[in-house]
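The values are calculated or read from the model by the stated rules, or taken from the named source; none is laboratory data. It should be emphasised that the depicted structure is a prediction, and the values quoted were computed from it without experimental measurement. So basically every Cβ, Gly included, is an ideal-geometry build from the backbone, and we count neighbours across all protein chains shown.
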Amino acid sequence: MITDTEKVFKNKLAAFAIDLYEIYLSEVESTSVEVKDQTVESFTSSQSRGLSLRVLKEGCVGFSYCTDFTDSALDKVISDAVVSAQNSTSDGCYGFPELSKPLPTLKLFDYTLPSISREEKIARAMMLENAALSCDRRITKVRKAAYSDSIVTYHLINAHGLNLSHQGTFTSCSIVAVAEEEGDAQMGWDFDFNRFYCDLDVTKVGRSAASKALGLLGAQSVTSFKGSVVLDNSVSAQFLGVLAPSFLAESVQKNKSLLKGKLNNRLFSESIDIIDDGLYPGGAATKPFDGEGVVRQTTPLVEQGVLTRFLYDTYCAKKDNTISTGNSSRGSIKFPPGVGHTNLYLKKGEETVDELISSVDKGLFINEVMGIHTANPISGDFSVGVNGHRIVNGKNSTPVKGVAISGNILSLLGLVKKVGCDLRFYGSIGAPSLLIDEVEVSGN
């Protein structure tokens, strides 16, 4: 299909005196199922495909897209892109890359997934729900138990001779369980993903959600204090997500990064190493090439607390007179590519989460955060609600809710004393548990 489309485009583009062009084709097959009380609430199966076109004419870039592959639609997508370029400002930093090195071989496609039946996928969602409900009699219901998967195919062609293809699979599940006892009701959530159907452990996810809900029964607030907290890996990942946009060169260039002007400075604890890895095995954002055809790579961003690098696509790299880090990202065919992180994670340490907790005489273990979206990604300031458990004499004690922590993300990561070994990815952001001193905890 893409070969035929390329031939059609080359013939049509010739009539418009286009300097350079880029064709991006996306095809997606997806399935999602939700169950409740062992009954299917919804089952959706869909297929979509679309094409986006970027053209370069006299230093001006134009963009358009379509989901219709008829001859008239292809004519229109070209003319729309040309008009877009004519109404754009010339910028010498625009351009399309050439392939600089061979693509890596990655295991990202599950050849068994296309043959998995509708019935088996429904059974997998029911297994997820049952895993939570059978965990404990106090788990009274499940608000949502969902399974989903997708098969994606990408093709990228440009006027420099780039002709790349990639195919991948993705499976995931999520669940919200409710625990009730003596008039108290608490919720627990968990999810997981995997590139391979057979490796997605829905039973583990269901039990984990149930355990989180049960662990909060009888939760109360605590007296305000300033002291040690242990962040569960899910909470650490959410804080890293607040920091993530600041690593993008585009954010720096537009004065929207709290890291601007701080390159090669020690900003974090010496225990902190942060990496962006577009080649991370099985990662949610792993691909052999980025959104414009540059080979993906592993990019250290913070080494022993020192900020060492930002993330670039071709355009931002030209502005800073450097090279792309393979971080061009496409969220949809409806928008042109822009710089984005891939698998961004905080490198794991050597101690288990129990060992982190055991080193705290009195403090708080935090395994849930609310309102993280209110944190300011430009200043780094935050004030969020948290749930968890009191730590007494090195052990988790009574459950805690109705408390908050506040501060600045740079200061928070500067106070990290120990890093756990339990690195886990939540989508494309990953982190281990963290032990942090001198955190402001607001309670009663």
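Any chance region 113-125 includes a residue that's at pLDDT 95 or above, under 27 Å from the mean Cα position of the chain (by Cα) and under 26 Å from D290 (Cα atoms)? Checked against the condition, which is being at pLDDT 95 or above, under 27 Å from the mean Cα position of the chain (by Cα) and under 26 Å from D290 (Cα atoms), region 113-125 yields at least one hit.
Scanning region 157-189 for residues that are touching a residue at least 60 places away in the same chain (Cβ under 8 Å), among the polar types (S, T, N, Q) and within 24 Å of G427 (Cβ to Cβ) turns up T169, T171.
Taken together, L13, L25 contain a single residue that is at pLDDT below 95 and either assigned to a strand (DSSP E or B) or of a type in the set (D, E, K, R) (or both), which is L25.
Number of residues in region 305-324 that are more than 18 Å from G261 (Cα to Cα) and surrounded by fewer than 18 Cβ atoms within 10 Å (Cβ to Cβ): the value is 2. Among strands (runs of 3 or more DSSP E) entirely within region 346-414, having at least 3 residues that are under 26 Å from S257 (Cβ atoms) and touching a strand residue (DSSP E or B) at 6+ places or on another chain (Cβ under 9 Å) singles out 381-392, 395-408.
Pairing residues of region 311-334 that are farther than 21 Å from N255 by Cβ with residues that are assigned to a helix (DSSP H, G or I), at Cβ distances under 7 Å and at least 6 apart in sequence or on separate chains, gives I323/A317; S324/T314; S324/A317; S328/T314.
Working only within region 325-336, note down all residues that are crowded, with 23+ Cβ neighbours inside 10 Å and assigned to a loop (DSSP other than H, G, I, E, B). Even if it seems obvious, please write down each step before you answer.
Taking region 325-336 first, the residues crowded, with 23+ Cβ neighbours inside 10 Å are 325-328.
Those that are crowded, with 23+ Cβ neighbours inside 10 Å and assigned to a loop (DSSP other than H, G, I, E, B): T325, G326, N327.
For region 299-310, filtering for residues that are in a loop (DSSP other than H, G, I, E, B) and either in contact (Cβ under 8 Å) with a residue 60 or more places away in the chain or in contact with an Asp or Glu (Cβ under 9 Å, 6 or more places away or on another chain) (or both) leaves 4. Note on region 244-266: residues that are surrounded by 18 or more Cβ atoms within 10 Å (Cβ to Cβ), touching a strand residue (DSSP E or B) at 6+ places or on another chain (Cβ under 9 Å) and over 15 Å from Y426 (Cα atoms) total 8. Against the criterion of being over 26 Å from A213 (Cβ atoms), β-branched (V, I, T), in contact (Cβ under 8 Å) with a residue 60 or more places away in the chain and in contact with an Asp or Glu (Cβ under 8 Å, 6 or more places away or on another chain), V339 qualifies.
Listed residues V295, V302; which is surrounded by fewer than 22 Cβ atoms within 10 Å (Cβ to Cβ) and more than 18 Å from G427 (Cα to Cα)?
Details: V302 fails: surrounded by fewer than 22 Cβ atoms within 10 Å (Cβ to Cβ).
Exactly one of V295, V302 is surrounded by fewer than 22 Cβ atoms within 10 Å (Cβ to Cβ) and more than 18 Å from G427 (Cα to Cα), namely V295.
Please tell me if A131 is touching a Gly at 6+ places or on another chain (Cβ under 6 Å), outside the structural domain of P399 (by TED's automatic domain parsing), touching a residue at least 60 places away in the same chain (Cβ under 8 Å) and not in a strand (DSSP E or B).
On the way: touching a Gly at 6+ places or on another chain (Cβ under 6 Å): yes; outside the structural domain of P399 (by TED's automatic domain parsing): yes; touching a residue at least 60 places away in the same chain (Cβ under 8 Å): yes; not in a strand (DSSP E or B): yes.
It is true that A131 is touching a Gly at 6+ places or on another chain (Cβ under 6 Å), outside the structural domain of P399 (by TED's automatic domain parsing), touching a residue at least 60 places away in the same chain (Cβ under 8 Å) and not in a strand (DSSP E or B).
Among the residues of region 30-64, write down those that are within 30 Å of S328 (Cβ to Cβ) and assigned to a loop (DSSP other than H, G, I, E, B). Listed by number, the residues that qualify are E58, G59.
Conditions tested, residue by residue: (1) touching a helix residue (DSSP H, G or I) at 6+ places or on another chain (Cβ under 6 Å); (2) surrounded by 14 or more Cβ atoms within 10 Å (Cβ to Cβ); (3) in the same structural domain as A317 (by TED's automatic domain parsing).
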| site | (1), (2), (3) |
| --- | --- |
| L53 | yes, yes, no |
| F69 | no, yes, no |
| V77 | no, yes, no |
| D80 | no, yes, no |
| V83 | no, no, no |
| T89 | no, no, no |
| F96 | no, yes, no |
| S100 | no, no, no |
